[in-house]
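Heads up, the thing below is written out as structure tokens.
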Amino acid sequence: MAATQNSRNDMTEDCPECSAETAHSVSLQIRTESTKAENAQFSREPYRVATCLVCGHETTLRMNNA
């Protein structure tokens, strides 16, 4: 997944919905994967979240798949 920075400090990436390279807002989020309350504190994983600023399509990628 290639990405470049533009002058607005957004990332440009390929958007599958727009079928073009568009500006994206990119962030890292910690998400809880377990639905059970007793396991929730142990199931947090980092995700890269990219949101297209043209159409709003969100792409997520789990960062520590090993």
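Exposure check, 1.4 Å probe, all protein chains in place: residue 25 carries approximately 60 Å² of accessible surface.
Using 0.36 nm per residue and subtracting the Cα-Cα separation, the extra length available between residue 21 and residue 41 on full extension is 3.5 nm. Which trypsin sites (Lys or Arg not before Pro) from the stretch 11-66 combine a DSSP loop assignment with at most 15 other Cβ atoms within 10 Å? Taking the stretch 11-66 and a limit of 15 other Cβ atoms within 10 Å, the loop trypsin sites (Lys or Arg not before Pro) found are 36. Under the simplified labelling scheme, the residue 29-residue 53 pair shows an inter-label distance of 1.9 nm, with each label point 7 Å from Cα along Cα→Cβ.
For residue 20, neighbours were defined as the other residues whose beta-carbon sits under 11 Å from its Cβ, and their charges (Lys and Arg +1, Asp and Glu -1) total -4. With a cut-off of 15 Å between beta carbons, the residues surrounding residue 46 carry a summed charge of +2, where Lys and Arg count +1 and Asp and Glu -1.
The values are calculated or read from the model by the stated rules, or taken from the named source; none is laboratory data. Remember, it's a predicted structure, so these values are computed and weren't measured experimentally. Note: ideal-geometry Cβ built from the backbone for every residue, glycine included; neighbour counts use all protein chains shown. Quick note on the areas: whole protein, heavy atoms, side chains included, nothing else; ligands and nucleic acids left out. Shrake-Rupley method; radii C 1.70, N 1.55, O 1.52, S 1.80 Å.
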